[in-house]
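These notes concern the structure reproduced below.
The values are calculated or read from the model by the stated rules, or taken from the named source; none is laboratory data. Being a predicted model, the structure only gives us computed values, none of them experimental. Ideal geometry is used to build each Cβ from the backbone, glycine not excepted, and the neighbour counts take in all protein chains shown. In case anyone asks, the SASA skips ligands and DNA or RNA and just uses the protein heavy atoms, side chains included. Shrake-Rupley method; radii C 1.70, N 1.55, O 1.52, S 1.80 Å.
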Amino acid sequence: MTPLFEARSLSKFFPARDGKGLVRAVNDVSLTLAEGETLGIVGESGCGKSTLARMLLRLIEPSEGKVLFQGEDLLSLSRAQMRQRRRDIQIVFQDPYASLDPRMNIARIIAEPLEIHGIGSKADRAAKVAGLLSLVGLDPAAGQRFPHEFSGGQRQRIGIARAIALEPKLVVLDEPVSALDVSIQSQILNLLDDLKDRLKLSYIFISHDLSVVQHVSDRVAVMYLGRVVEEGAAEAVLGKPAHPYTQALISAVPEIDPAKRKAHTLLKGDPPNPEDIPSGCAFHPRCRFAFERCTLESPAFHAAGGSRARCHLIDGEPERA
Ligand code: SF4
């Protein structure tokens, strides 16, 4: 069956600041998303996940690779065709305040995508906005107010209402709860869960927070310095992680595994500068299992139980490139 969404060998290279060489912000990333599924993409800040999110919607043009939506190559579309396609693929950003125009009232902000796509009369759009506000748990009368009059959680509800106004099939959520207090985070996660069921949505959920990703994902991809290093069913990746980096991330989130509550975090130091990616396996300077081969040779994916991971320590034949 054709996946709803697919990224094939997607890469984004930027010129390095010193003018010499390229920064590989995203390097050869392949992902698939089935209809109705939530794919969590997790990694530390600077791993390339937000660049990846923007490439999936062509807000940034990839340097290499393909992006397919229902089998159609999005990179082959003209600007006008892509604008039409964006009805089906929407994004929710981390900072709801920055993504809402402060000069527009909430009703206009939510109605804007409908206006751009010429959907409905003014009265139809007003009715739709009232319905969307209520769907995301806000009073329909809130439409006459402005973004600064709302709390962070309410503003994220408004951002979500705007994203679902065009009845998309896929919503890319880029750190949607990272700017919110923990108590508000769970309310927004529950709302997203509820909307997914009601509106038959599929999500790509991007976060640095493994506990949040665990809460929402059917499948998980773990990114490190622009590459996916492990991916598979959420249960497998988070329950029996094969890659030392995934293991280290999990060790820093004790609530995922209460048995590890006393365990110290296995993740040492900060990620290296993306402009100076280590040779071989990019994780080797921080990996407690690194050996000589790791400094020389970049590992291919190996099947590892329920997931696949890039590590020389995993037994078995590597996947062919
Ligand atoms: Fe660690 Fe080597 Fe595996 Fe990389 S390939 S994760 S450095 S053991």
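Miscellaneous remarks
- When Leu249 is tested against (1) open to solvent by less than 30 Å² (accessible area, probe 1.4 Å); (2) at pLDDT 95 or above; (3) over 25 Å from Gly152 (Cα atoms), only condition (2) is not met.
- Residues that are aliphatic (A, V, I, L, M) and open to solvent by 10 Å² or more (accessible area, probe 1.4 Å), drawn from the range 190-211: Leu191, Leu199
- Subset tally (residues that are under 12 Å from the mean Cα position of the chain (by Cα) and either among the basic types (Lys, Arg) or within 19 Å of Leu225 (Cα to Cα) (or both)) for the range 1-38: 1
- Residue count for the range 279-321 under the criterion of being near the ligand (Cβ under 9 Å from one of its atoms) and either without any contact (Cβ under 8 Å) to a residue 60 or more places away in the chain or over 22 Å from Ala236 (Cα atoms) (or both): the result is 19.
- In the range 138-157, the residues that are assigned by TED's automatic domain parsing to the domain that holds Leu173 and more than 14 Å from Leu192 (Cα to Cα) never reach a residue that is assigned to a loop (DSSP other than H, G, I, E, B) and modelled with pLDDT under 95 with C-beta atoms less than 9 angstrom apart, at least six apart or across chains.
- Selection within the range 27-43 - closer than 21 Å to Asp276 by Cβ, buried (at least 17 other Cβ atoms within 10 Å of the Cβ) and either at pLDDT below 95 or not aliphatic (A, V, I, L, M) (or both): Asn27, Gly43
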